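Novice: Quick one: this structure, given as structure tokens, is what I'll be asking you about.
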Amino acid sequence: MCLSVVLCLLYYIYYMENNYFNKVKGYLLELDFQITYEDDTECVFVVEKESLGVKNLVIGCAEPLLIMEQYILELPEQASADIYRSLLQKNRDIIHGAFVLDETGRKVIFRDTLQIEMLDLCEIEATFNSLALLLSEYSDQLIQFSKDKTEYSYEHI
């Protein structure tokens, strides 16, 4: 009896993860994203869509969440507090997702997390549109952040 319960549980976990994988893949294809990498056992995708400025965006299904991350830039080693302040202030304007830093504190990443169980096409599309809008409106400042070591002032935004 105990073994059958474990087997049923394992099957359920596999089925749900595989179901989420197919659900997300269907949405990506419907939105005309190019899937450059996929792993159904890990429930991971890497996608791109040049028209939105999206390249190597990583999507991971980790029930109960769908995690989407797009590497944006690496900050100079001596990045000023003004740059970090500006990124945090811009977070307030981002409709879906936010700027985050990796564990080094230098790589800026756009990240959004969504509830995978209730995920629909409109919700995942909203994240992509939010990222595209962010990149189109804020790209000059992001480029400046990656170059400047001390000259940048957040007042130029």
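Novice: Condition (residue is assigned to a helix (DSSP H, G or I), crowded, with 18+ Cβ neighbours inside 10 Å, modelled with pLDDT under 95 and touching a Leu at 6+ places or on another chain (Cβ under 7 Å)) applied to the stretch 79-90: is it met by at least one residue?
Specialist: Yes, the stretch 79-90 contains at least one residue that is assigned to a helix (DSSP H, G or I), crowded, with 18+ Cβ neighbours inside 10 Å, modelled with pLDDT under 95 and touching a Leu at 6+ places or on another chain (Cβ under 7 Å).
Novice: Of all residues in the stretch 98-128, how many are part of a helix (DSSP H, G or I) and over 13 Å from Gln70 (Cβ atoms)?
Specialist: So the answer is 6.
Novice: Does Asp102 fit the bill of being within 13 Å of the chain's Cα centre (by Cα) and free of Cβ contacts under 8 Å to residues at least 24 places away in the same chain?
Specialist: Yes: the conditions hold for Asp102.
Novice: Could you grab me the full set of residues in the stretch 97-128 that are of a type in the set (S, T, N, Q), over 21 Å from Ala81 (Cβ atoms) and surrounded by fewer than 14 Cβ atoms within 10 Å (Cβ to Cβ)?
Specialist: Correct list: Gln115 only.
Novice: Return yes or no: is Ile94 outside any helix (DSSP H, G or I) and either surrounded by 13 or more Cβ atoms within 10 Å (Cβ to Cβ) or at pLDDT 95 or above (or both)?
Specialist: So Ile94 passes the test.
Novice: State the number of residues belonging to the stretch 104-118 that are in contact with a helix residue (DSSP H, G or I) (Cβ under 7 Å, 6 or more places away or on another chain) and over 21 Å from Gly53 (Cβ atoms).
Specialist: Residues flagged as in contact with a helix residue (DSSP H, G or I) (Cβ under 7 Å, 6 or more places away or on another chain) and over 21 Å from Gly53 (Cβ atoms) within the stretch 104-118 amount to 1.
The values are calculated or read from the model by the stated rules, or taken from the named source; none is laboratory data. Quantities reported herein were computed from a predicted structural model and do not represent experimental measurements. A quick note on method: Cβ atoms are made from the backbone with ideal geometry, for glycine too, and the neighbour counts reach across all protein chains shown.
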